[in-house]
Amino acid sequence: MNIKGTQTEKNLIQSYEGELTGDALYKIFAEKARKEGYEDIALSFEKLGREEVVHSEVFKKFIGEIEIEIDIENLRAISSKTILNLRLASAGEYQAYKEIYPKFAKEAEEEGFLEVARIYRSLGSVELRHSKILKGLAEQIEN
């Protein structure tokens, strides 16, 4: 079954871009955390960023090599205090788990791309784990 021109292809491209953007954003957040003296949080952001890259590679298997452009300056403008970065990142990961990836899984299934649907469901649980890690780190700062 050809994925070209389907909603699933559009979703995979969006997911691929989103995961790579997440990695870039987490590198920026790690830099900020390090400047604020939170080395452990910086390392966590970097580790989660590497996992986002792995997710992007999973999506790339279905869509092939595509060009994307990440606006680093725009991402830098998003960066704030580490506590706020943690909250923002946690919310984004939770949204991927709760809303985005389930929707994309359903659409892939409806179009007959069962392996893609399975991958979205699997990665959704990883995004929930990421959200919990980030939320826990935010709670450490708050307490």
Any chance LYS10 is of a type in the set (Lys, Arg) and part of a loop (DSSP other than H, G, I, E, B)
no
Pairing a residue in the range 16-34 that is over 8 Å from GLY49 (Cα atoms) with any residue that is acidic (Asp, Glu), where Cβ atoms lie under 8 Å and the two sit 6 or more apart in sequence or on different chains, gives GLU19/GLU52; LEU20/GLU52; ALA30/GLU46; ALA33/GLU39
Note on the range 55-80: residues of a type in the set (A, V, I, L, M) and either touching a Cys at 6+ places or on another chain (Cβ under 6 Å) or closer than 15 Å to ALA24 by Cβ (or both) are ILE68, ILE70, ILE72, LEU75, ALA77, ILE78
Taking the range 120-143 and keeping only residues that are among the β-branched types (Val, Ile, Thr) and in contact with a helix residue (DSSP H, G or I) (Cβ under 6 Å, 6 or more places away or on another chain), one is left with ILE141
Residue hits (the range 120-143; among the polar types (S, T, N, Q) and in a helix (DSSP H, G or I)) are SER122, SER125, SER131, GLN140
**Report entry** Selection status of ASN143, surrounded by fewer than 18 Cβ atoms within 10 Å (Cβ to Cβ), modelled with pLDDT under 95 and farther than 14 Å from TYR26 by Cα
**Finding:** yes
Here the residues within the range 89-143 that are farther than 27 Å from MET1 by Cβ and of a type in the set (D, E, K, R) are GLU93, LYS98, ARG129, LYS132, LYS135, GLU139, GLU142
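Any idea which of LYS10, LYS47 is over 18 Å from ARG129 (Cα atoms) and of a type outside the set (S, T, N, Q)?
LYS10
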If you go through LYS103, LYS98, the only one that is exposed (fewer than 13 other Cβ atoms within 10 Å of the Cβ) and either basic (Lys, Arg) or within 16 Å of HIS55 (Cα to Cα) (or both) is LYS103
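The values are calculated or read from the model by the stated rules, or taken from the named source; none is laboratory data. What you are looking at is a predicted structure, and each value in this text was computed from that prediction instead of being measured. Using ideal geometry, Cβ is built from the backbone for each residue, glycine included, and neighbour counts are taken over all protein chains shown.
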